[in-house]
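*Asks:* Below is one structure. I have some questions about it.
Read-outs: derived from the displayed coordinates by stated rules, not from any lab. Not measured: the values here are computed from a predicted model. All Cβ positions, even for glycine, are placed from backbone atoms using ideal geometry, and neighbour counts span all protein chains on display.
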Amino acid sequence: MATQGIEKSRRNFIKKAAAAGGLLATTFLLNPYNAILFATEKPEDPTKPWWGYGIDIQKCIGCGQCANACKSENNVSREPFYFRTWVEQYTIKNDGTVKVESPNGGIDGFQQTVPEADIFKSFYVPKMCNHCYKSPCVQACPVGATYETPDGVVLVDETYCIGCRYCVQACPYGCRYIHPEKNVADKCTLCYHRISKGSTTACVEVCPTQARIVGNLNDKQGPLVKFLKEHTCLVLKPHLNTGSKLYYNALSGEVR
Amino acid sequence: MEQQYQHLYEMLSQVQGYIYPNEVDLQWGLLIVLYPYITGLVAGAFILASLERVFNVKVLKPTYELALLTALSFLLVATMPLVSHLGHPFRAYEILITPHSTSAMAIFGFVYLWYLMVVLLLEIWLDYRRDIVIWSRQTKGFKGFLYKILTLGVTDLSPKTIKWDDKIGYFITVVGIPSAFLLHGYVGFIFGSIKANPWWSTVLMPVIFLFSAMVSGIALVLFIYMAVSWFRKQKIDILALDSIAKFLFYILILDFTMEGLDQIHRIYEAEESFEILYLLVHGHLFYTLFIFQILLGTLVPLVSLGVLQLYKPKELTRRIIYFCDSLLVLFGIFFMRYNVVIGGQLFSKSFYGFTDYKVRIAGSEGILLSLVWIIVPFLILTFLLWLLPPWKKTHDN
């Protein structure tokens, strides 16, 4: 009987030790494999700024000044194939079809080509990098040249990027392009050189209707959090779980 | 630069519907079509060779070494299209030195090196070691010198050592099979894991890439075996051909089933991207998908090989059919890669429009450079066949 008891307790001990060992091994093993767990990572330190962006579609008048100012501020090529931000004109017709246009990114303004009688509704949607906190582009970069700063801005190290273009493929929002002269990935930096010095972004600065807001999501009294509180905001393509930090007020279902 | 912009303005005039402005410039061209194509040929040729070794399919003996050397010739070139399409080719080593753990692409260098160094080179060396030693003793001049280097100083030819060569070689082949699966399944994952792109993002992508790799690799060995025999004016072992063709037929069925399943699933689920993909396959990809890939590259070989399983006409007819089928399959799988790589970039991620793709002749993404990367493996193979002719090997039986 006594021997049986010892046998049993020994068996239990072995079972428990194996379970503990297994758990330990899994923890250690999984740690380097956070590749697989990428999309569940938690970001941010609540005491530091965490940058986000808000766009009020109801306020945008499609003047394209933001896209223009961005090109000037960040020295982006003037050719119509490279944009860090651009404006799209959406026209929903009475028959339910959707027409989208963005000639030269909206820099030269828009002309409505659909006859007024056929229009159900029309609006402008400024687009730019979503500075996702579970960025597919950061995930995809094979060398880590694209990275997220601790304050939540997605940047590219142009001295490190090998120009494989995988990040361009991985971005669901079409926000990246290959710099025609430097041959590296390029995108919106959220005017990091400005916001990190307490200034605002070029696009926000020139917007005549205050349709654009850049702000610290950790600042609960700040303008961006206030904007999110007062409006019903959505992000683009939420089903892709990119952790987008670009919030739109009055985002219509047709916008992609 | 001017020329590049001119090309982009041309593309801009071809845009249908709406695409994001940054999407006019197509990121991956012919070179990236070649990348999965060439790696697929490698994996397929190796798997065919392993059939003989591991599963002891004796009838495939005449193609064993040929398949291995073919795999090596193509593997040596596999990274070249990748590196030459980079914006900064001289920074390519960064992938090996500072790989980013979350990137599906970052692991390629390691998978590649493992496969090249541990599997292929070692297996070929062990397989040829005895012959290299013998040849190093018999051959004079530069070639003899090459053999001497290739022996790596291991010149022991005792039966015991030879037996060990065989044992280790067998073990490496066993390791090699999952490695070949890994190599190409992984290439499929590079595309399949891009959730932003509904044409690529399917869990079946690695499986489809794997089966299509096997199909293309087997077809390549079939083709090369016939071509080499013709050049050497040697009689083709028709039984070996029949067997290779039988394997090609089976794997082709599996490949077609997987791809069919993927499309049926897509059509039945009909998600948000369905309309744009429907327009894509019926518009821009109509010829390359329905005619080149499915009809010529799959159905014709499938039916003709299927008929040959039931009814065996005389040898010459069979040889002609096998020859044509191998070329058709190679043609079809090339367009399968094209449809994936180029097709996936033709529609906008806004799902509201299409850009266009025009193949250029010259330039870094042009036909000429792509042709170079297709021809070079054949030159390497010619060299390897000169250096390590499978037909001059000593065989135990």
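*Asks:* Given A:220/B:349; A:182/A:245; A:127/A:182; A:121/A:220, which pairs have Cα atoms separated by over 32 Å?
*Replies:* Listed pairs above 32 Å: A:220/B:349; A:121/A:220.
*Asks:* Residue B:54 to residue B:367: extension gain in nm, 0.36 nm per residue of separation minus the Cα-Cα distance?
*Replies:* On the way: separation 313, 0.36 × 313 = 112.68 nm, distance 3.91 nm.
Net length gain for the segment: 108.8 nm.
*Asks:* For labels at residue A:112 and residue B:162 in the simple 7 Å Cα→Cβ model, what's the distance in nm?
*Replies:* The two pseudo-label positions are separated by 8.9 nm.
*Asks:* Taking the protein assembly as shown on its own, what percent of its Cα-Cα pair distances exceed 50 Å?
*Replies:* Details: 50533 of 212878 pairs.
Of all Cα-Cα distances in the protein assembly as shown, 24 percent exceed 50 Å.
*Asks:* Please return the longest range in chain B lying between exposed loop sites, taking GluC sites (Glu not before Pro), DSSP loop only, at most 16 other beta-carbon atoms within 10 Å, and leaving the sites out.
*Replies:* That would be B:1-270.
*Asks:* Let me ask something else. Of the candidates B:253, B:134, B:177, which one comes out as most mobile in a Gaussian network treatment of chain B with C-alpha springs shorter than 10 Å?
*Replies:* Comparing B:253, B:134, B:177 in a Gaussian network model of chain B, the most mobile one is B:134.
*Asks:* Enumerate the aspartates and glutamates that residue B:140 could reach by cross-link, defined here as Cα to Cα under 18 Å, with residues fewer than 8 away along the same chain left out.
*Replies:* Reachable aspartates and glutamates: B:131.
*Asks:* Continuing with the same structure: Roughly what angle does helix B:367-387 make with the longest principal axis of chain B, taking Cα atoms, 0 to 90 degrees, to the nearest 10?
*Replies:* The helix B:367-387 is inclined about 10 degrees to chain B.
*Asks:* Sticking with this one: On alpha-carbon atoms, Rg over Rh for chain A using Kirkwood Rh? Write down the numbers at each step before the final one.
*Replies:* Numbers: Rg = 24.0 Å, Rh = 20.7 Å.
Rg divided by Rh gives 1.16.
*Asks:* Which angle between 0 and 90 degrees, to the nearest 10, do you get for helix B:122-138 versus the longest principal axis of chain B when only C-alpha atoms count?
*Replies:* Roughly 40 degrees between the two axes.
*Asks:* What does the extension gain come out to for residue A:97 and residue A:75, with contour length at 0.36 nm per residue minus their alpha carbon separation?
*Replies:* Extra length from residue A:97 to residue A:75 when fully extended: 4.2 nm.
*Asks:* Return the average number of partner chain Cβ atoms within 10 angstrom of each residue Cβ along peptide B:81-88.
*Replies:* Mean partner shielding for this stretch: 4.
*Asks:* Among the trypsin sites (Lys or Arg not before Pro) in the stretch A:194-226, which ones are in a DSSP loop with at most 15 other Cβ atoms within 10 Å of the Cβ? Mind listing them?
*Replies:* A:197, A:220
*Asks:* If you rank B:395, B:265 by fewest surrounding Cβ atoms within 10 Å, what's the result?
*Replies:* On the way: B:395 6, B:265 12.
Ranking B:395, B:265 by Cβ neighbours within 10 Å, fewest first, gives B:395, B:265.
*Asks:* In what sequence, highest mean first, do A:93-105, A:66-78, B:328-340, B:345-357 appear when ranked by Cβ atoms within 10 angstrom? Please list the in-between numbers first.
*Replies:* On the way: A:93-105: 16.2, A:66-78: 18.1, B:328-340: 23.2, B:345-357: 20.8.
Output ranking for A:93-105, A:66-78, B:328-340, B:345-357: B:328-340, B:345-357, A:66-78, A:93-105.
*Asks:* Net charge within 13 Å of residue B:245 by Cβ-Cβ distance, Lys/Arg positive one each and Asp/Glu negative one each, not counting residue B:245 itself?
*Replies:* 0
*Asks:* Another one. How high is the relative contact order of chain B, in percent, with contacts defined as C-alpha pairs under 8 Å that are six or more residues apart?
*Replies:* 28 percent
*Asks:* Based only on other Cβ atoms within 10 Å, what is the fewest-to-most ordering of A:157, A:186? Each step should come with its number before you reach the end.
*Replies:* Working: A:157 14, A:186 24.
Fewest-to-most Cβ neighbours within 10 Å comes out as A:157, A:186.
*Asks:* Follow-up question, since we're still on this one. Along the Cα-to-C-beta direction of residue B:227, a point sits 7 Å from the Cα; which residues of the stretch B:353-380 have their amide N less than 17 Å from that point?
*Replies:* B:370-380
*Asks:* Which of the aspartates and glutamates could a cross-linker bridge to residue B:314, judged by Cα under 15 Å and excluding same-chain residues fewer than eight apart?
*Replies:* Once the sequence-local aspartates and glutamates are set aside, what remains near residue B:314 is B:237, B:242.
*Asks:* Work out the charge dipole of the stretch B:16-390 with +1 on the Cβ of Lys and Arg and -1 on the Cβ of Asp and Glu about the Cα centre, then indicate which of B:89, B:263, B:59 is farthest towards its positive end.
*Replies:* Positive-most Cα among the choices belongs to B:59.
*Asks:* Counting Lys +1, Arg +1, Asp -1, Glu -1, what net charge surrounds residue B:202 among other residues with beta carbon under 14 Å of its beta carbon?
*Replies:* -2
*Asks:* How much length is gained on full extension from residue B:267 to residue B:395, taking 0.36 nm per residue of separation minus their Cα-Cα distance?
*Replies:* Residue separation times 0.36 nm, minus the Cα-Cα distance, leaves 40.7 nm.
*Asks:* About its Cα centre, how strong a charge dipole does the protein assembly as shown have in debye, to the nearest 20, once Lys and Arg get +1 and Asp and Glu get -1 at the Cβ? Before the final figure, lay out the partial values.
*Replies:* Working: 58 positive and 50 negative charges, 464 e Å.
In debye, rounded to 20, the protein assembly as shown gives about 2220.
*Asks:* If you filter the stretch A:168-256 for GluC sites (Glu not before Pro), then keep DSSP loop positions with at most 10 other Cβ within 10 Å, what is left?
*Replies:* Taking the stretch A:168-256 and a limit of 10 other Cβ atoms within 10 Å, the loop GluC sites (Glu not before Pro) found are A:181.
*Asks:* Would you mind working out the magnitude of the charge dipole of chain B relative to its Cα centre, with +1 at each Lys and Arg C-beta and -1 at each Asp and Glu C-beta, to the nearest 20 Debye?
*Replies:* Computed charge dipole of chain B: roughly 1940 debye.
*Asks:* With the Cα gyration tensor of the stretch B:220-363 in hand, convert its eigenvalues to equivalent ellipsoid semi-axes via √(5λ) and list them largest first in whole Å.
*Replies:* For the stretch B:220-363, the ellipsoid semi-axes come out as 36, 19, 10 Å.
*Asks:* For the stretch B:218-306, state which trypsin sites (Lys or Arg not before Pro) are in a DSSP loop and have at most 13 other beta carbons lying within 10 Å of their beta carbon.
*Replies:* Numbers: sites: B:232, B:233, B:235, B:246, B:266; in loops: B:232, B:233, B:235.
Counting only loop positions with at most 13 other Cβ atoms within 10 Å, the trypsin sites (Lys or Arg not before Pro) in the stretch B:218-306 are B:232, B:233, B:235.
*Asks:* Can I ask one more? How much net charge surrounds residue A:214 when only other residues with a Cβ under 10 Å from its Cβ are counted (Lys, Arg +1; Asp, Glu -1)?
*Replies:* +1
*Asks:* Still on this model: With each label point set 7 Å from Cα along the Cα-Cβ vector, what nm distance links residue B:317 and residue B:14?
*Replies:* Calculated label separation equals 4.4 nm.
*Asks:* A further question on this structure: Residues of the stretch B:331-359 with backbone nitrogen within less than 17 Å of a virtual label 7 Å along the Cα-to-Cβ line of residue A:252, please, listed as ranges.
*Replies:* It comes to B:350-353, nothing else.
*Asks:* Can you give the Rg and Dmax of the stretch B:146-262 based on its C-alpha atoms, in angstrom?
*Replies:* Looking at the stretch B:146-262, its Cα Rg and Dmax stand at 19.6, 59 Å.
*Asks:* Restricting to DSSP H runs of at least four residues, report the calculated mean residue ellipticity at 222 nm for chain B, -39500 (n - 2.57) per run over all residues, nearest 500 deg cm²/dmol.
*Replies:* Values: 15 runs with 265 residues, N = 397.
Rounded to the nearest 500, the figure is -22500 deg cm²/dmol.
*Asks:* Which stretch or stretches of the stretch A:80-101 have amide N atoms under 19 Å from the point lying 7 Å from residue A:120's Cα along the Cα→Cβ direction?
*Replies:* Counting only backbone N, you get A:89-101.
*Asks:* OK, next. Which one of B:60, B:152, B:285 has the biggest mean-square fluctuation once chain B is modelled by GNM with Cα springs under 10 Å?
*Replies:* With Cα springs under 10 Å in chain B, the top fluctuation among B:60, B:152, B:285 is at B:152.
*Asks:* Determine, at each q value in 0.11, 0.12, 0.13 (inverse angstroms), the log₁₀ of I(q)/I(0) that the Debye formula gives when each Cα of the stretch B:16-390 is one equal point scatterer.
*Replies:* -0.81, -0.95, -1.10
*Asks:* Evaluate the distance, in nm, between pseudo-label points positioned 7 Å from the Cα of residue A:229 and of residue A:58 along their respective Cα→Cβ axes.
*Replies:* Once both label points are built, they end up 1.8 nm from each other.
*Asks:* Per-residue ellipticity at 222 nm for chain A, helices alone: DSSP H runs ≥ 4 residues times -39500 (n - 2.57), over residue total, nearest 500 deg cm²/dmol?
*Replies:* So the calculated ellipticity at 222 nm is -7500 deg cm²/dmol.
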